[in-house]
Amino acid sequence: MLRVMFAALSKTIAQFSDPAFRGVLLRALAASTALFVVVWIGAWLALSWAGAALSDWIAAQDVDGYMVTVLQWLFGALSVAGVLVASFLLFPAATVLILSFLLEDIAAAVERRHYPGLPAARDQPVLEAIRAALAFAGVTILLNLLALPLYLLLLFVPPLNLFVFYGLNGYLLGREYFELVALRRLEETVARRLRRR
């Protein structure tokens, strides 16, 4: 099994010079950057509004000016930490969601170069592809939220926290990429049955 995985990895590395790969990589980077910029701007606007509302509420409580400054600083620090943690947790889901719409180009380039004898891929319905990508993004977010207490518990144990994060998301990405590629050739129920096996 490892031999097959390393053979596939070496084929992937060898094909990085393929224009189809470069094009998909550049589009994925641009879409990911745009998505996270939108998320960060939305979070900044929401947190600015919440911070202003909190400041008004604290001022109405007749709290000492020094304490208002401390509370505002604390809210700002927690807000930045929250946005960073949310970005960290959303990264795998966002990556798969974006790449699922670009997978066809990569799969076609790989099949052209390494598997020219394959028959044409089936026409996958657009709704099926969107449903599969959104379902996976939801599962990824849910499982990462469930693992959040473990991430936080292991925050100060660097090898273990990275092992848990990459273990969970590596499994999820492997599962999703298998299904996305399998759906090019197989019906949805058959692809899921094959993945489970």
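Overview of values
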| item | result |
| --- | --- |
| Stretch gain in nm, segment Ala20-Phe36, where the contour uses 0.36 nm per residue and the Cα spacing is subtracted | 3.3 nm |
| HN-Hα J in Hz across the range 118-132 - Karplus 6.51, -1.76, 1.60, θ = phi - 60°, x for Gly and Pro | 5, x, 4, 5, 6, 7, 7, x, 4, 5, 5, 5, 5, 4, 5 |
| Residue among Ala8, Pro125, Ala53 farthest towards the positive dipole end of the chain, charges placed on Cβ | Ala8 |
| Of Tyr115, Tyr177, Tyr151, the one that fluctuates the most in a GNM where the chain has Cα springs shorter than 10 Å | Tyr115 |
| Arg122-Phe88 FRET efficiency (beta carbon distance; Förster radius 45 Å; 0.05 resolution) | 0.80 |
| Net charge of Cβ neighbours under 10 Å - reference Ser100; Lys, Arg +1; Asp, Glu -1 | -3 |
| Estimated D of the chain in µm² per second, where Rh is the Kirkwood radius over Cα pairs and Stokes-Einstein applies at 37 °C, 0.692 mPa s | 164 µm²/s |
| In order through the range 167-172: 3J(HN,Hα) via Karplus (6.51 cos²θ - 1.76 cosθ + 1.60), integer Hz, x for Gly, Pro | x, 5, 6, x, 4, 4 |
| Nitroxide proxy distance, nm - points 7 Å out along Cα→Cβ at Ile58 and Ile13 | 5.2 nm |
| Residue exposure sequence - Leu148, Leu103 - by fewest surrounding Cβ within 10 Å | Leu148, Leu103 |
| Where labels lie 7 Å past Cα in the beta-carbon direction, separation of His114 and Arg197 in nm | 2.2 nm |
| Hypothetical label at Ala43: residues of the range 52-79 whose amide nitrogen lies under 12 Å (7 Å Cα-Cβ projection) | 78-79 |
| Leu155/Glu188 FRET efficiency (R0 45 Å; Cβ-Cβ; nearest 0.05) | 0.70 |
| Ranked Thr140, Thr189, criterion: other C-beta atoms within 10 Å, fewest first | Thr189, Thr140 |
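Each value in this text was obtained by applying a stated rule to the coordinates, not by laboratory testing. Values in this document were obtained by computation on a predicted structure and should not be read as measured data. Cβ sites come from the backbone with ideal geometry, for glycine too, and all protein chains shown count toward neighbours.
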